[in-house]
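The values are calculated or read from the model by the stated rules, or taken from the named source; none is laboratory data. The shown structure was predicted, so the numbers you read here are calculated from the model rather than taken from an experiment. Cβ placement follows ideal geometry from the backbone for every residue including glycine, while neighbour counts extend to all protein chains displayed.
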Ligand SMILES: [Zn+2]
């Protein structure tokens, strides 16, 4: 059992190193994602297994086949598809996982949380007094030289509608454009002729920018058609990294829709935990050829 003991010691050393990096606040190693603040209170509150996954996933020291190959010469291949399996492969790159719907399931877990934050804001905005009555002089009294008052875009109307591609398939509102594309969310106001086309990706953290560009491109034609019909159209790709790091594009959208302060923090926490928790489940199921969502 000497081999086992050496392994335990090495494992402990890798773990200690990752924890020390995390303690130094080096949680964010990627551009385009928000810094992640984990307080001691959070650390204590986090379930041990969850925390262990979170830290080891961030620093890529989980016992993936590729890591086990490097450390101990074991078989580096994926149990599902026989490709070399590093963490990126397991969490975002496995064809078998993709075909079995594992990534779609995680995507929808995150989407539910994001959609719920937007839906709360939409409903709250629609129930406000009419915009003209609520702040009749709002823009009139901006002191000279002062910045114009910040104004979230939702507040300008009370007839916001929203569709999310959850549960049943989203059909893009034909009044805006005709398309078979199904973005994750559509938020629109007829009175303003304003539409947000929102598309969520849950990528590997290094690929956040790439995902943003790809999704922007995918909806370019649809946006052009909507604009042609007179709609002020914004295509808003948003990303939540599969290890729970929330992209700046996501916080920007929340802010632009007026989701700020505590409600922004709750929304970010919810989507981050949904991504990370689902990834942990995918990790636990990495050797399991059959797939059942949690
Ligand atoms: Zn695979």
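Among the residues of segment 198-236, those identified as assigned to a strand (DSSP E or B), surrounded by fewer than 22 Cβ atoms within 10 Å (Cβ to Cβ) and within 24 Å of the chain's Cα centre (by Cα) are 234, 235. Summed over segment 29-64, residues that are outside any loop (DSSP other than H, G, I, E, B), out of contact with any strand residue (DSSP E or B) (no Cβ under 6 Å at 6 or more places or on another chain) and either outside the structural domain of residue 19 (by TED's automatic domain parsing) or at pLDDT 75 or above (or both) total 11. Could you please find all residues in segment 65-86 being near the ligand (Cβ under 8 Å from one of its atoms) and modelled with pLDDT under 95? The one that is near the ligand (Cβ under 8 Å from one of its atoms) and modelled with pLDDT under 95: 82. Of the helices (runs of 4 or more DSSP H) lying entirely inside segment 87-153, those containing at least 1 residues that are modelled with pLDDT of 95 or more and within 16 Å of the ligand (Cβ to nearest atom) are 95-99, 102-126.
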